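Remarks on the structure that follows.
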Amino acid sequence: MANNETEADKKPEMVEPEQESSGQNPLGYCHGVSSVGSNEDNVHCSKPSLIEAVIDRSNMWKALRRVKSNKGGAGCDGMTVEELPQWLSENWSMIKEKLSNGSYQPQPVKAVDIPKPDGGVRTLGIPTVIDRLIQQAIAQVLTPVFDPHFSETSYGFRAGKSAKQAVRKAQSYQHEGKRWVVDLDLEKFFDYVNHDILMQSLRVRVKDETLLKLIGKYLRAGIMKNGLESQRQQGTPQGGPLSPLLSNILLDRFDKELSKRGHSHVRYADDCNIYLHSKRAAERVLTSISRWLEKRLRLKVNQTKSAVDRPWKRKFLGFSFTSNKKAKVRIAPQSVKSFKAKVKAEMRRGRGRNIGRFISETLNPILRGWVNYYRITECKGVLDTLDSWIRRRLRNILWRQWKRPRTRRKKLMSLGIHEVIASKTAYNGHGAWYNSALPPMNVALPQKYFDHKMLLNLQNETRYAEQLALL
């Protein structure tokens, strides 16, 4: 920082502007950006460097709002998102100077293990909120530099791209008659990223050494687990705002190689499917592309989880397909199983709660998020089955809440069940799950009862989404 900078000059730096502009295009920061793929090779430019674009006030404010909206837990320093603005107002000038002169040192990331849906655990690296802010600011500057050059078959973590589009693209390949799939699983991708190869990929378009040095520090930042810090020689922590972009930058070389070979493929992050006409061709591709990944990108293919198979026997981003020639999108059986396990666990915790509040506060948000993701399914029967299963689980809760046979008999009668049938049901000696499926419980607590409680209906939600899509 210049010595003649006054306190008045410092203070406004992290004060939100009254009317913020849409932000400068980082491609306009010519110094530090390679002209590869640009039509402005001969244009003389003396604009600021990319690191200056990162610490630009409007870019930092945009990053701060994004970090605050994403929320998330504290890193190893214990600082929360809510405490970040006040901390920045007191310390931003120091951080800005360190970022500008290249002396900033990221803090270790906090390791957090989360269970995988198919078993095992995935280790996330949670950066401090300061480092999340800086990583977000870097990602905002580098995304316009790299994203326009990414392959069209890359759908993960990109604006205007989604998992649903990736699934539709996979479906289109099958409609072309490519009914064999190479389902590639990269073994612990984020743990095995080679730093040298990734930095080489970054240098193709970024020439700002200060920014490259900072990214390198983030790659090598230590991992804090159980109070002990360990250094990292390879891999990038999964959990920081910069990780998705870095993974796409590295794997874009993979996309380009597949396109060069003429393969029909679709990739979402480290999930990649390659579609071919025959099993023999697919087996040959699995062998050759595994060898290429290990040699060129130093990545390992998980031979246990990767396979050559029919698309309808595999899961891709939670979806699968039907086996007919005009394949339809369906929800993968494994996804249905994990969904039921999650709902079942929540309902166990909701046994003692008011059923209406449990539905509105806990159950409906889960159902809405799940069905919004899977609404493109073309096989609706599973949704109807799940709706029936959910209502049965709720009847099971109510039966338990009624507790005594005398109370159950009284409740059934109040809900319109004849006295004799109510008595036989209440005193039959069977458990809650058995009784939740009996006709008297279905008549006493029909779908209309749960509609009145505002229970979200999965089947209706998908129909509503389809109607909106047609507007």
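For segment 412-439, a residue qualifies if it is touching a residue at least 12 places away in the same chain (Cβ under 8 Å), among the small types (Gly, Ala, Ser) and not in a helix (DSSP H, G or I), and the qualifying residues are Gly416, Ser436, Ala437. Taking the conditions (1) of a type in the set (S, T, N, Q); (2) touching a Phe, Trp or Tyr at 6+ places or on another chain (Cβ under 6 Å); (3) open to solvent by 70 Å² or more (accessible area, probe 1.4 Å) in turn, Asn435 satisfies each one other than (3).
Yes or no: Arg391 in a helix (DSSP H, G or I) and on the phi < 0 side of the Ramachandran plot? It is true that Arg391 is in a helix (DSSP H, G or I) and on the phi < 0 side of the Ramachandran plot.
For segment 163-191: of the residues being assigned to a loop (DSSP other than H, G, I, E, B) and open to solvent by 40 Å² or more (accessible area, probe 1.4 Å), which is modelled with the lowest pLDDT? Among them, the one singled out is Lys188.
For segment 401-423, which residues satisfy the criterion of being over 26 Å from Arg349 (Cα atoms) and touching a helix residue (DSSP H, G or I) at 6+ places or on another chain (Cβ under 8 Å)? Result: Met413, Gly416, Ile417, Glu419, Ile421, Ala422, Ser423. For residues that are closer than 17 Å to Ile397 by Cβ and surrounded by fewer than 17 Cβ atoms within 10 Å (Cβ to Cβ), tally how many sit in segment 344-381. Total meeting the criteria: 16. Identify, please: which residue in segment 192-201 is within 22 Å of Gln303 (Cβ to Cβ) and of a type outside the set (S, T, N, Q) and is, among those, most open to solvent (accessible area, probe 1.4 Å)? Ranking the candidates gives Tyr192 first.
Based on what the data block shows, is Tyr218 hydroxyl-bearing (Ser, Thr, Tyr) and within 27 Å of Phe339 (Cα to Cα)? Considered against the rule, which asks whether it is hydroxyl-bearing (Ser, Thr, Tyr) and within 27 Å of Phe339 (Cα to Cα), Tyr218 comes out as no. When segment 389-404 is filtered for residues that are without any contact (Cβ under 8 Å) to a residue 60 or more places away in the chain and open to solvent by less than 50 Å² (accessible area, probe 1.4 Å), the ones remaining, listed by number, are Trp389, Arg393, Arg395, Asn396, Ile397, Leu398, Trp399, Trp402. Restricting to segment 92-128, and then to whatever is assigned to a strand (DSSP E or B) and surrounded by 23 or more Cβ atoms within 10 Å (Cβ to Cβ), can you tell me which residue is modelled with the highest pLDDT? Here the answer is Val109.
May I ask you to list the residues in segment 67-91 that are part of a helix (DSSP H, G or I) and either closer than 22 Å to Leu214 by Cα or charged (D, E, K, R) (or both)?
Within segment 67-91, Val67, Lys68, Leu84, Trp87, Leu88, Glu90, Asn91 meet the criteria.
Screening Asp131 with (1) over 19 Å from the mean Cα position of the chain (by Cα); (2) open to solvent by less than 40 Å² (accessible area, probe 1.4 Å); (3) closer than 30 Å to Phe319 by Cα; (4) not aliphatic (A, V, I, L, M) gives one miss only, at (3).
The values are calculated or read from the model by the stated rules, or taken from the named source; none is laboratory data. Small disclaimer: the values here were computed from a predicted structure and weren't measured. Quick reminder, even Gly has a Cβ in these numbers, built from the backbone with ideal geometry, and neighbours come from all protein chains shown. When the accessible area is computed, the model is the full protein with side chains, heavy atoms only, and any ligands, DNA or RNA have been set aside. Shrake-Rupley method; radii C 1.70, N 1.55, O 1.52, S 1.80 Å.
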